[in-house]
Structures are given as structure tokens and as C-alpha cells.
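Below: one structure, written as C-alpha cells.
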Amino acid sequence: MSLTSVPGVNIIGAGLAGSLLAILLAKRGYSVAVYERRRDPRAGAPERGRSINMALAARGIRGLELAGMLDRVMPLAIPMRGRMVHEHDGAAELQMYGVRPEEVIYSISRADLNRVLIEAAGELPNVSLHFGQLCLGLARDRDVLEMRDEVTGQIRHCAAQPTIATDGAGSAVRDSLVAREVASVREEPLEHDYKELTIPARDGKHVMEPNALHIWPRGGYMLIALPNRDGTFTATLFLARTGENSFERLRSAGDVDTFFAREFPSARELIPTLTQDFFANPQGSLGTVYTRGWHLNGDILLLGDAAHAIVPFHGQGMNCAFEDCAELLRMMDEHQRWDGLFEAFEHERRPNTDAIAKMALENYTEMRETVLDPEYRRKKREAEELEKRDPDFIPRYSMVMFHPEISYRQVMERVQGSQRR
Ligand SMILES: Cc1cc2nc3c(=O)[nH]c(=O)nc-3n(C[C@H](O)[C@H](O)[C@H](O)COP(=O)(O)OP(=O)(O)OC[C@H]3O[C@@H](n4cnc5c(N)ncnc54)[C@H](O)[C@@H]3O)c2cc1C
């Protein structure tokens, strides 16, 4: 089937990847129908989802640029030049992310980003957006998708014509492919959960350096904070579920207060409503989803978290999902046919998504522990000097965050090669 012969493309899930992909495909001339279970975010306040703000880096920016979205997105973003490491005694040191002024990452609100992408998709005449539509997966005996209207409860069927499923880490479409034994999935939960808290603004201004990602690394766990445009920071505590220092032990306001005062005294002072927020906000879980079999013939493709959710410690889940979108478009140009396209996409992307899944897990140890080590700091300074002198030498963090021309798989190969030497 040639690329132009399809009547249209369905997208399941108008999250970050689904809304960007809708714009990209529509700008190529496809009719795109998007089905999303949530309410329309253009109509009112966003529903609270996972993570309030997130780090946007070069791979994500490249996807947004391809869709012509940079003019609308970048004014919403705050540059972060490095990580501000807060020690126990209150001392803080900025460790720069890159060696060049343009090597920064950006803090951006998930809700704002998703809303502008949905707005832009909705402005295109060949995109139809359907909110309040829960995809239940594939019908048992036919290759059609079942949708339930969340208001009326009515079920309708929708031909897989092709369909791209960007319905996130808990993908219902992925479950259908598994049930049909087309796909297999391995979910590896992390033993640590997370909780978000707010560091309020003072007189409308940030109370700490705004152009940095703040970290309070404490070995087995950590607190981080990313700036928001309204002068607040969203802080996230990453902590084991059970054990000596764990969520399980933080049962009362007194437990929380004592833990923060002992472990994060400089942050504790900045969160006046700590104990109320701690018990009001949900405790989120994290994990990695490894899927094999991302597609059903040329009809259905899993993309983004639906195919490969990862832990957030390299700040790459969304960036990788946006890169998926750009890569799919590149491969459409290369293949010029739907037949075989989805299979080739998985073949090309899975080694890369496996690589970033591994590096994201490794980066948790670096963020919560290694950054405190004087030896690590010395080596980092040496690496920065070397990078300034030798353009072929690029540290791993920089390759992942600032060099989309080096694939995740190549990053891992280069790092493993240099470790062997
Ligand atoms: C705490 C935390 C921090 C993070 N920080 C970062 C970061 O700093 N940088 C980064 O790059 N990534 C980060 N991520 C990862 C990032 O959130 C995901 O990788 C990204 O959202 C994936 O985009 P997606 O479109 O595939 O999925 P999602 O954004 O989850 O979108 C899925 C969409 O599908 C809809 N949906 C779900 N099921 C159905 C259904 N059955 N029918 C219809 N619609 C459905 C959902 O409502 C949602 O709109 C973080 C994740 C977490 C949990």
C-alpha cells in the first residue's frame, strides 16, 4: 500500500507524542483523527497528570522544530544551564551541563506544552480531535478498535487504517497486541516512588537560581527541583517505597518534617506547606516497559511510552518520544509505503530505546550519589577541559542531551568502547 493511498491515520492518545505526531502527519497532507480519553484541555484547567514540569532537550526540540512549533513552545521554557548540587551543610555548587553557551536544557510545564500542541493540531483543517474517548483496545475477533465515549458510555468501532497508538505507559492498545500474542512485554518496576511538592515564589520571584535544575543528592534517595515560569519550583522527592529511609516510614506530619529537616534542611525552609502537600499529593510509581512486537502488520504501531516507557532520570522519555515521531516521518520518506514501515521502525528504534532505558536507570545513581563524589567532580572538570580542546571527545551526558545526530545506541557503544580502552 503506497503512503498516499490510505484514507487517513488514527492516533490514540493526545499526550505529548500523539499531539506532536498529529501535527507532523497533517502537515504531510494526511487526514488525522485523534482519540483521547481526557477532556479537551483547551476548554479549561488541565487535569493533574504525571509530573508538572519536565526537561526538554535537543532530541525533543528537533521534533518540535520539524513541526514548526518552536516559536510557540520556546517562550514557555526556562533554560537550565546546569545542576545545582545542594550539600547537607547548605553549600551549593553549579555543575554546568555543557561547555558551550547553547548547551542548556529547558524546564517546561507538561500541561502548557501539551496544550499548545493540541491547539496547533486543532488549527489544522485535516485534524479531527475527539476528547472523552477511551480506547478499550482491539475488538476480540476483528482488526477494529473499540472506543467508549466517557460521557454517554456508547461504544463505537473504528477501523485500524493505520493507527498509531500513543496511549502512554499503560497502553490499552499494547495490551491488545499482547493478548493476540503479537507483542510481548516485560515491565520492570523501580523500587523507588516519587512525590511532587511546590517551592513557592517570594514576591513573584524564584527563591533559588532559576536557570538550574536543583538536586539534593543523599546517596540512596534525592530531592530535585525544576523552575516554573510563575516563580515557583516543582520539587520531586525520589525515595524507596519500603525500608529504612522510605515512603513507608513517612506516616505522620512529624515523620515528614523530621526527615526533611534532617536530610534536606535548606529545601525544608523553602516549603512552608510541606506536610500538608506531602499528604495531599499522590505518590507515583516508576518503571521501565520493554516491548517486543510494536506493530500489527501495517495497521497498528505503538510509539512513545506505549512502546518503551523509561524512568525519568535522564529526562528523556518525552524527548525520545518526540524523536520517535521525527524518525517515523524520516522513515516514511525513505520507504514510501506503509507495508513493512512499522516493522522497519521497530527494527531501527528498539536498539535505541533499549539503550536510553539502560542509561536512564544508570543516571539515577549518578544524580543521587555520584555527583557528591570529589573524584567524580575532578573527572568531570577534566572531561570539560578535554571537550573544549578536542571536538571528538563528548561526554555521555552531552551526547544524550545535546547531540541528536548521535543515536542513543551509538552513545552507549561509544561509552562502552571508551571504557574498554
Ligand atoms: C515524574 C516524571 C518525570 C518526567 N520527566 C521527564 C523529563 O524531564 N523529560 C522527559 O523527556 N520526559 C520525562 N518524563 C517522561 C515523559 O512524561 C513521557 O515519556 C512522555 O509523557 C511520553 O509521551 P507519550 O505521548 O508517549 O505518553 P503520554 O504523555 O503519557 O500520553 C498518553 C496519552 O494517552 C492518553 N490515553 C491513555 N490511555 C488511553 C486510552 N486507553 N484511550 C485514549 N487515550 C488514552 C492519556 O490520557 C495521555 O493523554 C517524566 C515522567 C515522569 C513520570
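A few points about this structure:
- Answer from L303, L286 - the residue that is closer than 22 Å to M401 by Cα, within 16 Å of the ligand (Cβ to nearest atom) and open to solvent by 20 Å² or more (accessible area, probe 1.4 Å): L286
- Selection within region 200-254 - in a loop (DSSP other than H, G, I, E, B), of a type outside the set (A, V, I, L, M, F, W, C) and farther than 22 Å from L76 by Cβ: D203, R218, G219, G220, Y221, R241, T242, G243, E244, N245, R251, S252
- Odd one out for D354 among (1) over 27 Å from V182 (Cβ atoms); (2) in contact with a strand residue (DSSP E or B) (Cβ under 8 Å, 6 or more places away or on another chain); (3) within 16 Å of the ligand (Cβ to nearest atom); (4) not aliphatic (A, V, I, L, M): (1)
- Test: residue in region 157-171 that is open to solvent by 40 Å² or more (accessible area, probe 1.4 Å) and part of a strand (DSSP E or B): yes
- Some residue of region 344-353 being hydrophobic (A, V, I, L, M, F, W, C), open to solvent by 10 Å² or more (accessible area, probe 1.4 Å) and free of Cβ contacts under 8 Å to residues at least 24 places away in the same chain: yes
- Inside region 324-343, residues that are open to solvent by less than 20 Å² (accessible area, probe 1.4 Å) and among the charged types (D, E, K, R) make up a count of 1.
- In the set G304, G298, only one residue is small (G, A, S), modelled with pLDDT under 95 and under 30 Å from A14 (Cα atoms); that residue is G298.
- Given (1) more than 25 Å from L237 (Cβ to Cβ); (2) open to solvent by 30 Å² or more (accessible area, probe 1.4 Å); (3) of a type in the set (A, V, I, L, M, F, W, C), index of the condition V73 fails: (2)
- Exactly one residue out of G44, G13, G18, G8 is more than 22 Å from N126 (Cβ to Cβ) and either open to solvent by less than 20 Å² (accessible area, probe 1.4 Å) or more than 10 Å from the ligand (Cβ to nearest atom) (or both): that is G44.
- Comparison of G204, G231, G168, G243 shows that the only residue that is more than 11 Å from the ligand (Cβ to nearest atom), of a type outside the set (S, T, N, Q) and in contact with a helix residue (DSSP H, G or I) (Cβ under 9 Å, 6 or more places away or on another chain) is G243.
- The number of residues in region 254-280 being free of Cβ contacts under 8 Å to residues at least 12 places away in the same chain and buried (at least 21 other Cβ atoms within 10 Å of the Cβ) comes to 0.
- Criterion applied to D175, D230, D149, D203 was being without any contact (Cβ under 8 Å) to a residue 60 or more places away in the chain and surrounded by 16 or more Cβ atoms within 10 Å (Cβ to Cβ), and the one residue passing it is D175.
- Applying the criterion of being aliphatic (A, V, I, L, M) and either buried (at least 16 other Cβ atoms within 10 Å of the Cβ) or more than 10 Å from the ligand (Cβ to nearest atom) (or both) to the residues of region 133-146, the residue that is farthest from A26 (Cα to Cα) is A139.
- Residue within region 88-98 that is open to solvent by 70 Å² or more (accessible area, probe 1.4 Å), over 23 Å from R368 (Cβ atoms) and modelled with pLDDT under 95 present: no
- Selection within region 99-132 - within 12 Å of the ligand (Cβ to nearest atom) and open to solvent by less than 20 Å² (accessible area, probe 1.4 Å): I105, S107, I108, L113, N114, L117, I118, G132
The values are calculated or read from the model by the stated rules, or taken from the named source; none is laboratory data. Since the structure is predicted, the reported quantities are computational estimates derived from the model, not experimental observations. Note that we place each Cβ from the backbone using ideal geometry, even for glycine, and neighbour counts take in every protein chain shown. Heads up: the accessible areas ignore ligands, DNA and RNA and are worked out on the full protein's heavy atoms, side chains in. Shrake-Rupley method; radii C 1.70, N 1.55, O 1.52, S 1.80 Å.
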